[in-house]
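The values are calculated or read from the model by the stated rules, or taken from the named source; none is laboratory data. Since the structure is predicted, the reported quantities are computational estimates derived from the model, not experimental observations. Here Cβ is always computed from backbone atoms with ideal geometry, including for glycine, and neighbour counts include all displayed protein chains. What goes into the accessible areas is simple: the full protein's heavy atoms, side chains included, and nothing from ligands, DNA or RNA. Shrake-Rupley method; radii C 1.70, N 1.55, O 1.52, S 1.80 Å.
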Amino acid sequence: MEIRNLINITDLSVEEINSLINTADDIVAHPEAYEDICRHKKLATLFFEPSTRTRLSFEAAMLELGGSVLGFSSANSSSAAKGESVSDTVRTVGCYADIIAMRHPKEGAPIVAARRAGVPIINAGDGGHFHPTQTLTDLLTIKRKFGRLNGLTIGLCGDLKFGRTVHSLIEAMLRYENIRFVLISPEELQVPDYIKESMDKAGVDWTETSSLDDAMPQLDVLYMTRIQKERFFNEEDYVRLKDSYILTPEKMRLAGENMIVMHPLPRVNEISVEVDDDPRACYFFQALCGKHIRMALILFLLGIKRQ
């Protein structure tokens, strides 16, 4: 069987994404049909960069499918600390596991891994580049809340320059109809030019603004992101920009009653905890969706179907 990898969300066709969403919904509806489906299969989680939700959701996904998990949670606890290359690490781990989920701070590292591993590689985030399983999580969340993935106005707020979740979500939504983007950020953290070129090429409507207040009434989805300290080259720029946007109950009053708020987490202070009780706050529901879609993805890449 040909090895399938997931490096970028565009590795999946729209039909495959829709099929994964359907499988995730079936997992919720019929959990008993999936509890042993990955018996004797092993997932390796190779996290060269710290993570909580992504790593644990992958591990929970595999365990709920009846499989087992091995791996490491930081580069310091792997042979990378001794200078081992990504290529050698994944070639070795590919001897022990049936599928690998890998996060790495360097863009393109999962591509190297996919060439060498001998088993399916899932990109669990590579630097400021892509985070396709977060995007699948986002798509499942939106579909469950709106019942569709077209005809939506999506506001993306915060760090749009380094935010890999933002880049992947835009890439995915470009393939659905009647999508409009409102890009909300300081000038220094605007979406990279290559993403803007992709939006122009796809013919979607997009606007840029630095005002969250002005954008709120227009939105179906508000996708908040944190200002990522680890992506900055100097402390001064981070300190100057870190509090650019803080979502509060007062700002939520500017939004429509059906708008939803999403966030890939972790948050720092860009969403007030007072917003958590608003029924439009979906970021913890989003985390649950992440487990379901990763269960579906593991089955898809291993070629396992429900009997």
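When 133, 153 are checked against the criterion of being under 24 Å from residue 282 (Cβ atoms), buried (at least 24 other Cβ atoms within 10 Å of the Cβ) and among the β-branched types (Val, Ile, Thr), 133 stands alone in meeting it.
Checked against (1) farther than 21 Å from residue 7 by Cβ; (2) in a helix (DSSP H, G or I), residue 183 passes all but a single condition, namely (2).
Flag: residue 166 does not match the condition of being crowded, with 23+ Cβ neighbours inside 10 Å, more than 19 Å from the chain's Cα centre (by Cα) and outside any loop (DSSP other than H, G, I, E, B). Residue 58 falls short on exactly one of the conditions (1) outside any helix (DSSP H, G or I); (2) touching a Leu at 6+ places or on another chain (Cβ under 8 Å), and that condition is (1). Every residue in segment 1-46 that is more than 30 Å from residue 84 (Cβ to Cβ), open to solvent by 60 Å² or more (accessible area, probe 1.4 Å) and in a loop (DSSP other than H, G, I, E, B), please. The answer is 30, 35, 36, 39.
Within segment 104-162, being in a helix (DSSP H, G or I) and acidic (Asp, Glu) holds for one residue alone: 138. Among residues that are in contact with a helix residue (DSSP H, G or I) (Cβ under 9 Å, 6 or more places away or on another chain), modelled with pLDDT of 85 or more and exposed (fewer than 15 other Cβ atoms within 10 Å of the Cβ), residue 225 is not included. Note on segment 228-242: among residues that are in a loop (DSSP other than H, G, I, E, B) and over 23 Å from the mean Cα position of the chain (by Cα), the one that is modelled with the highest pLDDT is 234. When segment 263-290 is filtered for residues that are crowded, with 23+ Cβ neighbours inside 10 Å and in a helix (DSSP H, G or I), the ones remaining, listed by number, are 286, 289, 290. Residue-level check: of (1) at pLDDT 95 or above; (2) closer than 18 Å to residue 301 by Cβ; (3) charged (D, E, K, R); (4) buried (at least 22 other Cβ atoms within 10 Å of the Cβ), residue 103 misses just (1). Within segment 186-208, the residues that satisfy the criterion of being under 18 Å from residue 14 (Cα atoms) and not in a helix (DSSP H, G or I) are 203, 204. Condition test on residue 265, is it aliphatic (A, V, I, L, M) and without any contact (Cβ under 8 Å) to a residue 60 or more places away in the chain? No: the conditions fail for residue 265.
Within segment 197-213, the residues that satisfy the criterion of being open to solvent by less than 50 Å² (accessible area, probe 1.4 Å) and out of contact with any Asp or Glu (no Cβ under 9 Å at 6 or more places or on another chain) are 204, 209, 211, 212.
Do you know which of the residues in segment 269-289 that are of a type in the set (Asp, Glu) and without any contact (Cβ under 8 Å) to a residue 40 or more places away in the chain is nearest to residue 56 (Cα to Cα)? Across segment 269-289, the extreme among qualifying residues is 276.
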